[in-house]
2 protein chains.
Amino acid sequence: MSDASRGRGEIVMPQATRQFGKLFLVPAPLDFGCDEDIDLKQVMPIGTLCAAANITHWICENAKTTRAYLKRIDACTPLKVSIQTQTIVELPRQVHKKGDHLGGFDAKPLLTPALEGQDLGLVSEAGMPAVADPGSSVVRAAHELGIQVIPLVGPVSLLLALASSGLNGQNFAFVGYLPQDPQDRARRIKELEQIALKSGQTQLFIETPYRNAALWSSLIQTLLPGSRIAFSSGLTLTKAVNQSGTAQQWRKLPSGKMPEGLNNQTPAVFAIGI
Amino acid sequence: MSDASRGRGEIVMPQATRQFGKLFLVPAPLDFGCDEDIDLKQVMPIGTLCAAANITHWICENAKTTRAYLKRIDACTPLKVSIQTQTIVELPRQVHKKGDHLGGFDAKPLLTPALEGQDLGLVSEAGMPAVADPGSSVVRAAHELGIQVIPLVGPVSLLLALASSGLNGQNFAFVGYLPQDPQDRARRIKELEQIALKSGQTQLFIETPYRNAALWSSLIQTLLPGSRIAFSSGLTLTKAVNQSGTAQQWRKLPSGKMPEGLNNQTPAVFAIGI
């Protein structure tokens, strides 16, 4: 945040914001890119669906999938205005690629509708926006402009994964993706294991589709026998799976075989810890 | 996990578990100990409420508040059996005090009903069990016994706080409570700031009621001017508040004054980052 952009660099208090629209953080179901569409009402509170149905201006990763999501919301709770008349703006590529905090992206212009009194929705492809997904630059800009930020309740794959891992949930970190180069990846796994051993902090990370097998194999080969490895995939879906065991136990699977329920192409969350 | 306790120390595969009950991780609303009771349906998906209403055996932190929660669920979705006939077991004190991972607690005996075919619910006082709350020893024991673990969707204060902080959500850690001793606390804050500066990892922590003012003052005095401090309190409630700014900006508040919306006694989540 530059002080110049804020005038005197003072914190804008909520009472100054009443004439502004609000920025709603709208979670999305976890079935994106999966074979099934789950019933929204099963995983989204009616409060979230109603709030989303009232929004007419959106900031998203992908306008096409946002329209598809709005269609699903409309089937549960009629939208205030038709999908065709919604204003939907995509985050620029630089944010997708480099992340909000490296791209040097100024999201303030995206928030103009809120300054003019319109509520805005920030949505990602799956789960909570700005958590393991782009969007924090938009939230930061909202704070800078004195626009109220309202996070709505919905599924968050990382937290469902952590809760179901059986690993320490009172001290944990999410570190994003591991390096793709095999040697760098093994080095990073050892580094994360050392943090877990030293502090008890569970280390969560994710992998892109078609890389689960390589990551799994590296985890099994690299970690100490007593370290625990948990994974989950498709949580909240009918094909949900989560398992947890020590590296020593996982090594008893036939060589090169992933555990049942973990396949190479489905997005998965991994956790290692003590 | 000891191999002896598992027989041959092999991973129990899900297909072996079909005759067992399941362990449901049941989130609770974030209004515990607050002045208001929010409408459950606003913050809990109907899928979660229905799953909870079908459970007859519970593991919890506090039986009394669990019964109160069940009464609220019953008002939304009738319980399968009356509250009086529910089996409710509390986690032992050692888990509350030392945490699941230091207490050396074996939760397997608590899971006997699941081995006999009954579904079990694990619930904490607020938010997701086993996340910033006790319960991971129960989840771990379920994996060891081959009992399927089903996390349900609901509010999680940490993730709502992170999403609404405007800080990096693609690399973050939750580190629990900071030390109470002023010097130790300042040292820990510097340490967390160094991690954030070095790796970009947002650091989240919580404070117990009646300590927010001391923590706030320490953050303001200790952090570098450009470091960001965000806090949130009462998210999902009518008195929800979240704000974010640099230490330099926060220092412009009158000396010793906390930001509007943050009071000394309400549970709050703090985040620092770059």
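Each value in this text was obtained by applying a stated rule to the coordinates, not by laboratory testing. Predicted model only: the values in this text are computed from it and were never measured. Ideal geometry is used to build each Cβ from the backbone, glycine not excepted, and the neighbour counts take in all protein chains shown.
Charging the Cβ of each Asp and Glu at -1 and of each Lys and Arg at +1, and nothing else, the dipole of the protein assembly as shown about its Cα centre rounds to 700 debye. For the rotational copy pair B/A, the chain B residue whose Cβ lies nearest the symmetry axis, together with its distance in Å, is B:A173, 2. Note on the protein assembly as shown: dipole from Cβ charges, positive end direction compared against B:Q170, A:P267, A:A130; the farthest Cα belongs to B:Q170. Across region A:4-155, the relative contact order, built from alpha-carbon pairs under 8 Å that are at least six residues apart, equals 44 percent.
Taking every alpha-carbon pair under 8 Å whose residues sit at least 6 apart, chain B reaches a relative contact order of 21 percent.
In this assembly of identical copies, the label point of A:K198 (Cα plus 7 Å along Cα-to-Cβ) is separated from its counterparts by 0.7 nm, sorted shortest first. Of interest is the spacing of the C-alpha centroids, which for region A:217-274 and region B:139-194 amounts to 22 Å. Please report the net charge: other residues with Cβ closer than 14 Å to the Cβ of B:K80, K and R +1, D and E -1. Local charge sum for B:K80: -2. For A:R251 and B:C76, a Förster radius of 45 Å and the Cβ-Cβ distance give a FRET efficiency of 0.45, rounded to the nearest 0.05.
Contact order for region B:158-273, expressed relative to its length and based on alpha carbon pairs under 8 Å spaced 6+ residues apart, stands at 35 percent. Counting Cβ atoms of other protein chains within 10 Å of each residue's Cβ and taking the mean over peptide B:141-151 gives 5. Label-to-label distance, B:K64 versus B:Q180, with points set 7 angstrom from Cα along the beta-carbon direction: 2.2 nm. Ranked for footprinting exposure by Cβ neighbours inside 10 Å, fewest first, A:E36, B:E260, B:E144 give A:E36, B:E260, B:E144. Put a plus charge on the Cβ of each Lys and Arg, a minus charge on the Cβ of each Asp and Glu, and nothing anywhere else: the dipole of chain A about its Cα centre is then about 440 debye. Ascending distances from the A:P182 label point to its copies in the other chains, with the point 7 Å along the Cα-to-beta-carbon line: 5.7 nm. For region A:52-64, 3J(HN,Hα) computed residue by residue from phi via the Karplus equation (6.51, -1.76, 1.60; θ = phi - 60°) reads 5, 5, 8, 7, 10, 10, 10, 10, 8, 7, 8, 5, 5 Hz, glycine and proline entered as x. Each principal axis of the Cα cloud of the protein assembly as shown was evaluated for its coordinate range; sorted largest first, these ranges are 67, 48, 46 Å. Give the residue from A:I55, A:P182, A:Q94 lying farthest towards the positive end of the charge dipole for chain A; charges sit on Cβ (+1 for Lys and Arg, -1 for Asp and Glu) and the dipole is referred to the Cα centre. The Cα lying farthest towards the positive end belongs to A:P182. Here B:L224 yields copy-to-copy label distances, from shortest upward, of 3.3 nm, the label point defined as 7 Å from Cα along Cα to C-beta.
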